Amino acid sequence: HSLRNIDELCASIVRSHRETSQYRVEELHALRWKLFNREEIQAYQSKSVDEMWQHCAIRLTEAVQYVVEFAKHIPGFRMLSQNDQIALLKTGSMEVVLVRMSRLFNTENNTVFFDGKFAGTEVFKSLACGDLITAVFDFAHGMCALKLTEQQIALFSALVLINADRPCLEDKGRVQRVQRSVEFGLTHILHRDNQESLMHKLYQRVAVLRSLCSLHMEKLRWFSQRYPLTAHSLFPPLYKELFASE
Ligand SMILES: CCS(=O)(=O)c1ccc(CC(=O)Nc2ccc(-c3ccc(CC(C)C)c(C#N)c3)c(C(F)(F)F)c2)cc1
């Protein structure tokens, strides 16, 4: 890797992250005190379990679609086979959504940007998934504590996605080469930012991310058994394709 194309690699991943984020950090910062009022919280809490699940699945799927766009602009991702691209997105897109969620989190009042305003955990009560929501909020809190820059989030998101250890990859070697170039990019910018110590903290976050996503899948399996009609006919097709283990 000559430095030139490592800088180009980082620049294209950062550009893609910026272009595929629904909101810029400045916009979210300006909205951070826009909280749901009592009536709005009441309205969410009076939704039935399946209504709230469907509502959240739609929101999550929107966020995932931006991650799919982000992936397509990671240098080397499009050179992978269709099946390998889908395999990486199937297991990695939720992880990247959760990494991105940390940008939506306000640690001062423990709220996250959802449906246009900042919501506390009480908004999600009717999901009957308190442990998952708590885990999502805790993860976002932990990510905020690292005070990552947008560039660091962009490279970390790309590294979370391009993982050669994902199951059922056709050409593991090719994914490994793309993964190594992204790893090189992340270490390059951490070195430039004089923050090499962040690298092992980021790998620790990956372990938490894995458990969070398997908790999400476990809850989805529980929900699909309890509300098969909603899960099979009212969830966004992309959500089912990526997360329903069928
Ligand atoms: C920051 C990147 S961006 O692209 O700009 C962007 C990206 C997203 C947004 C707004 C947005 O969609 N927030 C949101 C959406 C869903 C959820 C959510 C809801 C319920 C669940 C559990 C359920 C499925 C059983 C889970 C999970 N797991 C996640 C959340 C939050 F996690 F907070 F609850 C927030 C705004 C800008």
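Laboratory data are not the source of any read-out in this text; all were calculated from the coordinates shown. Please read these numbers as outputs of a predicted model, since none were measured by experiment. In this analysis, Cβ positions are derived from the backbone assuming ideal geometry, glycine residues included, and neighbour counts consider all displayed protein chains.
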For this session: Please determine, in degrees from 0 to 90 and to the nearest 10, the orientation of helix 49-72 with respect to the longest principal axis defined by the Cα atoms of the chain, where the helix direction is its Cα long axis.
Result: 10
Seminar exercise, completed: Row for the range 152-246, column shape: gyration tensor on C-alpha, a ≥ b ≥ c, rounded if a/c < 1.5 i.e. under 1.5, prolate if a/b over b/c, else oblate; value prolate
For this session: Name the most mobile residue of Ala158, Ala43, Ala128, meaning the one with the largest mean-square fluctuation, in a Gaussian network model of the chain with Cα contacts below 10 Å.
Result: Ala43
Exercise. Could you give the nm distance between label points at Gln45 and Arg174, where each point is 7 Å from its Cα heading toward the beta carbon?
Worked result: 5.2
Exercise. Going by the alpha-carbon gyration tensor, a ≥ b ≥ c the square roots of its eigenvalues, is the range 82-128 rounded (a/c under 1.5) or, if a/c is not under 1.5, prolate (a/b greater than b/c) versus oblate?
Worked result: prolate
Exercise. For Arg38 and Leu215 in one chain, what is 0.36 nm times their gap in residues minus the Cα-Cα distance, to one decimal in nm?
Worked result: 60.8 nm
Seminar exercise, completed: The distance between the Cα centres of the range 197-246 and the range 12-85, in whole Å, is 14
Exercise. Given springs between every Cα pair under 10 Å in a Gaussian network model of the chain, which of Gly116, Gly92, Gly76 has the largest fluctuation?
Worked result: Gly116
Problem set entry | Highest-fluctuation residue, Asp165, Asp50, Asp84 considered, GNM on the chain with Cα pairs under 10 Å | Asp165
Problem set entry | Difference of contour (0.36 nm per residue) and Cα-Cα distance, Asn109 to Asn83 | 5.2 nm
Problem set entry | Degrees separating the helix 82-101 axis from the principal Cα axis of the chain, which is the longest one | 70
Exercise. Which loop GluC sites (Glu not before Pro) in the range 143-233, with loop taken from DSSP, have no more than 16 other Cβ atoms within 10 angstrom of their Cβ?
Worked result: Glu170, Glu196
For this session: Provide the net charge surrounding Leu35, with neighbours chosen by a C-beta distance below 13 Å and charges set as Lys +1, Arg +1, Asp -1, Glu -1.
Result: -1
Problem set entry | In sequence order, calculated HN-Hα J values of the range 148-157 (Karplus, 6.51, -1.76, 1.60; Hz; x Gly/Pro) | 6, 7, 4, 5, 5, 4, 4, 5, 5, 4
Exercise. Rounded if a/c is under 1.5, else prolate if a/b beats b/c, else oblate: with a ≥ b ≥ c from the C-alpha gyration tensor eigenvalues square-rooted, which is the chain?
Worked result: oblate
For this session: Return the subset of Lys172/Lys201; Lys47/Lys117; Lys34/Lys90; Lys90/Lys125 for which the Cα-Cα distance in this structure is over 29 Å, preserving the input order.
Result: Lys34/Lys90
Problem set entry | 222 nm mean residue ellipticity, helices alone, for the chain (DSSP H n ≥ 4; -39,500 (n - 2.57); rounded to 500) | -21500 deg cm²/dmol
Exercise. In the range 58-139, which GluC sites (Glu not before Pro) fall in coil by DSSP and have 13 or fewer other Cβ atoms within 10 Å?
Worked result: Glu108
